[in-house]
Amino acid sequence: MERTLVIIKPEAVIKKLAGRIISIYEDNRLNIIHAHRCLPTKEVLAKHYKALQGKDFYDSVVQFMSSSEVIVLILEGENVVNIVREINGSTNPLKAKPGTIRYMYGETVQENAVHGSESVEAAKEEIEIWKDLIRFEI
Ligand code: UDP
Ligand code: MG
């Protein structure tokens, strides 16, 4: 069964939005097969955001994502990667469709409440990158 990696980002955890966000995934019939709260290490973030290395916002994103604890979820279901991307909404909350998580709870392009893997392949890589930190046994 297809899996994806979701991160409820620091500002959303601080604002106590995790329960609301998790409910949205469950309302869409996705299964939470793992959940773990942790402080991301810069080592894990460097691997997770390797595609962004060289971008002007790279250092800022890594700094933000390691600034406070996040909640990492692994969700499972048919077509879960695309369904989660749809539910999360556009990267920029101001461009996200009404009803999406980023529309409702995102603050800025950087502090946009949630991460969701971009493809099945990326999801597999990300689960591998995060598995030790989140104590997930594949
Ligand atoms: N990001 C940012 N500034 C930008 C683009 C992205 O701070 O101009 C951050 C934002 O937190 C985003 C993350 O970097 O979620 C990863 O960027 P990506 O383009 O992969 O967006 P996503 O897949 O998260 O929608
Ligand atoms: Mg991305």
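The values are calculated or read from the model by the stated rules, or taken from the named source; none is laboratory data. What you see is a predicted model, and the numbers here were worked out from it, not measured in a lab. Every residue, glycine among them, receives a Cβ derived from its backbone with ideal geometry; neighbour counts consider all protein chains shown.
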Exercise. Is it the case that residue 96 is over 24 Å from residue 26 (Cβ atoms) and modelled with pLDDT of 95 or more?
Worked result: no
For this session: Taking the options 61, 44, 72, name whichever one is of a type outside the set (Ser, Thr, Tyr), more than 14 Å from residue 9 (Cα to Cα), outside any loop (DSSP other than H, G, I, E, B) and modelled with pLDDT of 95 or more.
Result: 44
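The rows are residues; the columns are (1) free of Cβ contacts under 8 Å to residues at least 24 places away in the same chain; (2) of a type outside the set (Gly, Ala, Ser); (3) buried (at least 20 other Cβ atoms within 10 Å of the Cβ).
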residue	(1), (2), (3)
47	no, yes, no
54	yes, no, no
61	no, yes, no
68	no, no, no
72	no, yes, yes
82	yes, yes, no
90	yes, no, no
99	yes, no, no
106	yes, no, yes
Seminar exercise, completed: Within the range 98-138, the residues that are among the aromatic types (Phe, Trp, Tyr) and in contact with a Leu (Cβ under 8 Å, 6 or more places away or on another chain) are 105, 130
